[in-house]
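Comments concern the structure below.
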Amino acid sequence: MAWFKREPVEQLDVSGEKRVKTEGLWVKCDQCRQIIWKKDLDQNLNVCPKCDRHFRIDARTRLAQLLDDGQYQTEDGDIVSTDPLKFTDLKPYAERLKRSRRDTGLNDAVINARGKLEGRPVIASVMEYSFIGGSMGAVVGEMITRAVEKATAGKLPLIVVSASGGARMMEGVVSLMQLAKVSAALSRMDDAKVPFISVITDPTTGGTTASFAMLGDLNIAEPGALIGFAGPRVIEQTIRQKLPEGFQRSEFLLKHGMLDAVVHRRDLKPYIARALDFMQVPAQ
Ligand SMILES: [Zn+2]
């Protein structure tokens, strides 16, 4: 006979009802360190209500903010990378592609869309930073080129919203070639006198800055965005000088003539509409 008898323990109730779900309801602003209610942040276009820090947003949210009634048709979304170099670093590039496709529901780091901006039909290409750092490989290059060509052929203004770490090194020289390809298409668009507005958001660096992001008829950026070519550490080591405060941020670039304007997210749509008016693109 046992000395002790274990009473049956009542199982802890872990079914959903009794638990309070708090994760994801609050966000900490990394600029002012305040805790913000996620809903407040969403309602404020993902800009911190306390310090105006512009949080990164995904491509779909951006399109919904920019285009009338959040309505648009996507195009060219069926192009996929062939992994031309069969590249492997920490893991195979093919794996990274697969994972990013699953996480974002996109085939690559950009969405091409057609919609209206305050009544004006426009073509928009919006980059998705969460897809391998918004890097530009053959697919991104091809999609942006197609957007440029469609805008040129249809005489529709083009708006490209950049958020990118630069060229996609897993595609080596194939990705570098995209700089030339997109730039050439933009040059033809310029000859055809079709307006191109480049909206540069946090972060935009490397080959993206070195090509289409800086080739707009108007280059505008969101406040506080990191915009540059090489990273600050590389530059400091090369020139052996300490870089000034705020280097490679929108406001610094505006002050030094690299940008035409720094525009708050809430003003972005009316600002672009006004610019298109000025460029004589009428509302329809
Ligand atoms: Zn803040």
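No lab work stands behind these numbers, since they all come straight from the coordinates. Since the model is a prediction, treat every value here as computed from it, not as a measurement. Note: ideal-geometry Cβ built from the backbone for every residue, glycine included; neighbour counts use all protein chains shown.
Out of all Cα-Cα pairs in the stretch 61-123, roughly what percent, to the nearest whole number, are more than 15 Å apart? Working shown, then result.
Values: 1160 of 1953 pairs.
Value for the stretch 61-123 (Cα pairs over 15 Å): 59 percent.
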Dipole magnitude of the chain about its Cα centre (Cβ charges: Lys, Arg +1; Asp, Glu -1), debye to nearest 20 = 480 debye
inquiry  = How high is the relative contact order of the stretch 43-148? Use alpha-carbon pairs under 8 Å, at least six apart in sequence, and give a whole percent.
reply    = 27 percent
Evaluated over the chain, the Cα radius of gyration and Dmax, each in Å = 22.7, 97
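Restrict the search to the stretch 175-278; then list the trypsin sites (Lys or Arg not before Pro) that DSSP places in a loop and that have at most 16 other Cβ atoms within 10 Å of their Cβ. Present the calculation step by step, with values, prior to reporting the outcome.
Working: sites: 181, 188, 193, 233, 240, 242, 249, 255, 265, 266, 274; in loops: 193, 240, 242.
Loop-located and lightly packed - 193, 240, 242.
Semi-axes of the stretch 173-217's equivalent ellipsoid from the Cα gyration tensor, sqrt of 5 times each eigenvalue, largest first, rounded to whole Å? If you can, show how the numbers build up before the last one.
Values: eigenvalues 68, 46, 5 Å².
Ellipsoid half-lengths, sorted descending, are 18, 15, 5 Å.
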ask   = Quick one: Karplus J couplings for the stretch 270-278, per residue in order, coefficients 6.51, -1.76, 1.60, θ = phi - 60°, nearest Hz, x for Gly and Pro?
value = x, 5, 5, 4, 5, 5, 5, 4, 4
query = Where Lys and Arg each count +1 and Asp and Glu each count -1, what net charge lies around residue 122 among other residues with Cβ under 12 Å from its Cβ?
reply = +4
note = The long-range amide H neighbours of residue 53, using H built 1.01 Å from N in the peptide plane and a cut-off of under 5 Å, are 48
query = Quick one: of the DSSP bridges fully inside the chain, what percent are antiparallel, nearest 5?
reply = 50 percent
key: Overall form of the stretch 149-258 per C-alpha gyration tensor (a/c, 1.5; a/b vs b/c)   = oblate
note = The extension gain from residue 4 to residue 73, computed as 0.36 nm times the residue separation minus the Cα-Cα distance, is 17.8 nm
ask   = If you put +1 on each Lys and Arg Cβ and -1 on each Asp and Glu Cβ, how big is the dipole of the stretch 60-121 around its Cα centre, in Debye rounded to 20?
value = 220 debye
task = With no solvent and one equal point scatterer per Cα, compute the Debye intensity ratio I(q)/I(0) for the stretch 32-140 at 0.12, 0.23 Å⁻¹ and report its log10, rounded to two decimals.
result = -0.54, -1.18
task = Enumerate the residues in the stretch 183-219 having an amide nitrogen under 20 Å from the point lying 7 Å beyond the Cα of residue 90 toward its Cβ.
result = 203
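In which sequence would 264, 54, 256 go, from the one with the fewest C-beta neighbours within 10 Å to the one with the most? It would help to have the intermediate numbers written out before the result.
On the way: 264 13, 54 20, 256 9.
Result, fewest neighbours first: 256, 264, 54.
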inquiry  = Restricting the calculation to Cα positions, tell me the Rg (one decimal) and the Dmax (whole number) of the stretch 206-284 in Å.
reply    = 15.2, 54
ask   = Where in the stretch 235-264 is the amide nitrogen less than 20 Å from a point lying 7 Å along the Cα-to-Cβ axis of residue 33?
value = 246
